[in-house]
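Report on the structure given below.
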Amino acid sequence: MGTKLVRREGLIQSAEGRAQCAERRRAFCALRSPLSAPRSLLSALRSPVSHLRSPASPPRSPLCALRSALCALILALLVLSCRSDINKPAPSPAVPQVRATVITIETTVQPQNKTFTHSIVIAGDKARSLDEIDQWRLFDLKANTVTLVDEIAKSYRTSAVARETEDRGLEATRETKPLQGVNATLWTTRKGGYVRQLWIGNHPAIPPQLFSMMSGIKMQGFPLAEHAELPYLNKKLVVDKTVTRIESKNVPASLFAIPAVTKPGANRRPAS
């Protein structure tokens, strides 16, 4: 009788050992198959508890249970990391970059109390204002030309920059103040109720002829701050522009390239 009891207990323990080995194999298979891992890991997490509850199995020490829980946790983290690598989108192709000087200008309009920000980018001998979108101008500072790009009509034309006019009533004053690290001089003009003030400075990062080419005003230097007033009905329209930042950074090279879909158009009068 005692021999049969010992043999039966041995059979029970060997069967439980085979079950534990099967559970371990399923847990390791989860690492090879990330898509079916959660169900296998759940069974692996439940198996230690089920064996502890079995009256025929010997009691397990707390250290052994802790090791089993840590192993299951590590397996779960490995599977999650594999899933994140699988679902991670492919990186977008690199866009060609070019080093450029970027002038950031902030414009405030009253009484609407609205603020706008745009940039002027300069790379080598090319410059353009990014507030021009569908129809924009690309200035060639060396050739003294401007290319008008019309992305709606899918055409472009290049012409010489129009000859600058005289200062259009702008007169320099003796008032100066530091702006963006340089000394700026106040230029003013008045026509009836219209008032315009320009703080002109020669910044080393800005070509001195850039403002003249873009505005048609014969002047050396760039307005680092601007104030304009115009009576409108019973109100006064006030526009203030300020250069808030001048920095050198990488920008897309496509900003200075004529789109491939455009075709040369007939040259008209010089652009201003």
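The values are calculated or read from the model by the stated rules, or taken from the named source; none is laboratory data. This is a predicted model, so every value here is computed, not measured. When we count neighbours, we look across all protein chains shown, and the Cβ atoms used for this are built from the backbone with ideal geometry, even at glycine.
Structure summary
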quantity	calculated
Pair list, Cβ under 7 Å, 6 or more apart: the stretch 220-232 residue over 19 Å from E106 (Cα atoms) and in a strand (DSSP E or B), other residue charged (D, E, K, R) and at pLDDT 95 or above	none
Test: residue in the stretch 220-241 that is modelled with pLDDT of 95 or more, of a type in the set (K, R) and either in the same structural domain as L179 (by TED's automatic domain parsing) or under 21 Å from D125 (Cβ atoms) (or both)	yes
Any hit, the stretch 156-178, residues being assigned to a loop (DSSP other than H, G, I, E, B), in the same structural domain as S212 (by TED's automatic domain parsing), among the polar types (S, T, N, Q) and modelled with pLDDT of 95 or more	no
Filter result for T176 (free of Cβ contacts under 8 Å to residues at least 40 places away in the same chain, among the polar types (S, T, N, Q) and farther than 20 Å from A123 by Cβ)	yes
Exclusive hit being crowded, with 16+ Cβ neighbours inside 10 Å, hydrophobic (A, V, I, L, M, F, W, C), in contact with a Ser or Thr (Cβ under 6 Å, 6 or more places away or on another chain) and over 30 Å from A260 (Cβ atoms), set L179, L186, L224	L186
Candidates W187, W199, filtered to the one that is farther than 16 Å from T108 by Cβ and either in a strand (DSSP E or B) or outside the structural domain of E175 (by TED's automatic domain parsing) (or both)	W187
Any hit, the stretch 147-155, residues being within 30 Å of E229 (Cβ to Cβ), in the same structural domain as V243 (by TED's automatic domain parsing) and not in a loop (DSSP other than H, G, I, E, B)	no
Enumeration of residues in the stretch 233-253 that are outside any strand (DSSP E or B) and surrounded by 12 or more Cβ atoms within 10 Å (Cβ to Cβ)	A253
Tally of residues being β-branched (V, I, T), within 14 Å of F256 (Cα to Cα) and surrounded by fewer than 17 Cβ atoms within 10 Å (Cβ to Cβ) across the stretch 105-144	1
